1. In degrees from 0 to 90, rounded to the nearest 10, what is the angle of the helix 71-81 Cα long axis to the longest principal axis of the chain?
2. With everything on Cα atoms, drop me the angle between helix 286-297 and the longest principal axis of the chain, reported from 0 to 90° to the nearest 10.
3. With +1 assigned to the C-beta of every Lys and Arg and -1 to the C-beta of every Asp and Glu, and no other charges, what is the dipole magnitude of the chain about the Cα centre in debye, to the nearest 20?
4. Relative contact order, percent, of segment 218-297 when contacts are C-alpha pairs under 8 Å separated by at least 6 residues?
5. Mind checking Rg over Rh on segment 4-206, alpha carbons, Kirkwood formula for Rh?
6. How high is the relative contact order of segment 1-117? Use alpha-carbon pairs under 8 Å, at least six apart in sequence, and give a whole percent.
7. Residue separation times 0.36 nm, minus the C-alpha to C-alpha distance between Ala23 and Ser88: what's the value?
8. Which of rounded, prolate or oblate describes segment 23-81 when judged by the alpha-carbon gyration tensor and an a/c cut-off of 1.5?
Amino acid sequence: MTELVVVLMATHNGASFLEEQVASILAQRGVEVRVVISDDGSTDGTRDLLRTIAAEEPRVVLLEPVELGSAHANFLRLIADAPWDGASVVAFSDQDDVWHVERLAAQVDQLRGVDAVSANVVADYGDRRILIDKAQPQRSLDFVLESAGPGCTFVLSARAFELVRRTVVEDPETAAAPIHDWLVYAIVRAAGMRWHIDPTPVIDYRQHADNVAGANLGWRQARRRLRRLRSGGFRREAAVVTRIAARVAAEPERTRLHAVAALLERDDLAARLVLARGVGSLRRRPADRVALAALLLLGLW
């Protein structure tokens, strides 16, 4: 039987990109798809366009438009409310990419041995294309500080998605998490489920002025990350994610995560030294581990 994949798409002022994005999802080979879309406060014609698409295409389901104010809140709404009956797989989608036509079939096949998969992407700037490599070997606590890559590459088994959905519905702190993809990765990994990050790109990750997060490349993004680190914002976000992860974990992982969350909530030398000793478990990329240790020892994070 052909797998039914429910695709969750959050939209906001995406009229310029939606038709191509939705078409690339509906054109997926080797699977059946149902696209569930939640629009958050669009003012550019997105809602009218979505109504036209849904009227012509029964595989597109529109939730009632909302006014939530962030992509994170919109994706949490989709996770909690989207109809996914009959589906064995759930995927996430941005509003402005283009999916490779074999993307879902390849990732569904990879799910046969794991609970969730994600993949590298090609950042498409129009005049240049850059591989965004997130497929380094996973570390035991990498989910405390980073996602598995862009959420638009995530594909979850029914078992993994049900855990994420239940956590979003029952844990009020999920609303305070910084971004849905980091949160989803942390929930699945903390619960002891297996996650595969595939090195093969599966989408063209379009970069433009209105990206919510984007490819996170270049000096401008580096300065932005450093400001967040020095302000303590990133540390507070990591503590939120870690506390949520601890509540879905079994022992002894639960106790370990509560201890890490307590260290993240502190900003003293002793806490920074403990975190610095544990950087090998916290980041996948070797250069990121070196940078994190330096920031901790210098008191910059």
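Quick note: the coordinates plus some simple rules give every number you see, no bench work behind them. Note that the structure is predicted; figures quoted are calculated from it, not measured. Note: ideal-geometry Cβ built from the backbone for every residue, glycine included; neighbour counts use all protein chains shown.
1. The angle comes out at about 70 degrees.
2. Here the helix axis deviates by roughly 50 degrees.
3. Around 1720 debye, computed over the chain.
4. Values: 52 pairs, mean separation 16.2, N = 80.
Averaging sequence separation for qualifying contacts and normalising by length gives 20 percent for segment 218-297.
5. 0.93
6. 40 percent
7. 21.2 nm
8. Oblate, because a/c is 1.5 or more while a/b does not exceed b/c.
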